[in-house]
Amino acid sequence: MSRCIETWFATLLVGLVLSGASLQSPYAQQGANRPTILQKGETEDIPGREVVSAILELPPNGPAGRHTHPGTEIGYVLEGSAMLIIEGQAAREVKAGDSWIIGAGIPHEGRAGPAGVKVLGTFVVEKGKPLATPAPRSGD
């Protein structure tokens, strides 16, 4: 693996098809689980955007590589724990009941804790764009 710190969350929505566009997976090469899409749909109040809700489960110590989203991510831990690393912020542990919001284009990553993690993710993203895109580190 490259100098990328293997870590968590947005393994979200990898290899799935949204709005007829194939998602590019920043995580598939790392063996992370694929998310389960719960629903998706256009927003009437924000033209050109869609809302996607998904469940992601990562096995114990499973990584989600560094990536970005073309819109806002809202995450909520249903079970387990993970280390969440958002660019410009201190790394933090998130556990069942914790939540976060990550703005469009902000690189982030994570790693599930020793018992794994189950996360509910909601995204308000640009319609037709890949939900997640790999984000290399400076100098990579």
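I'd like to check something: does segment 91-105 contain any residue that is touching a residue at least 60 places away in the same chain (Cβ under 8 Å), within 13 Å of THR72 (Cα to Cα) and either of a type in the set (Gly, Ala, Ser) or touching a Ser or Thr at 6+ places or on another chain (Cβ under 6 Å) (or both)? No; the residues of segment 91-105 include none that is touching a residue at least 60 places away in the same chain (Cβ under 8 Å), within 13 Å of THR72 (Cα to Cα) and either of a type in the set (Gly, Ala, Ser) or touching a Ser or Thr at 6+ places or on another chain (Cβ under 6 Å) (or both). Taking the numbered list (1) modelled with pLDDT under 95; (2) more than 24 Å from GLY113 (Cβ to Cβ); (3) over 13 Å from the mean Cα position of the chain (by Cα) in turn, GLY31 passes all entries but (2).
Within segment 81-136, the set of residues being under 29 Å from GLU44 (Cα atoms), small (Gly, Ala, Ser) and surrounded by fewer than 17 Cβ atoms within 10 Å (Cβ to Cβ) comprises SER99, GLY103, ALA104, GLY105, GLY128. Among the criteria (1) in contact (Cβ under 8 Å) with a residue 60 or more places away in the chain; (2) surrounded by fewer than 17 Cβ atoms within 10 Å (Cβ to Cβ); (3) not β-branched (Val, Ile, Thr), the one PRO59 does not fulfil is (1). On the basis of being part of a loop (DSSP other than H, G, I, E, B), modelled with pLDDT of 95 or more and not β-branched (Val, Ile, Thr), does PRO136 make the cut? Judged against the criteria, PRO136 is not a match.
Residues that are of a type in the set (Asp, Glu) and under 23 Å from GLY97 (Cα atoms) were ranked within segment 46-83; the one that is modelled with the lowest pLDDT is GLU57.
The values are calculated or read from the model by the stated rules, or taken from the named source; none is laboratory data. As the structure is a computational prediction, the values presented were derived from the model and not from experiment. Here the Cβ is made from the backbone with ideal geometry for all residues, glycine too, and neighbour counts use every protein chain on show.
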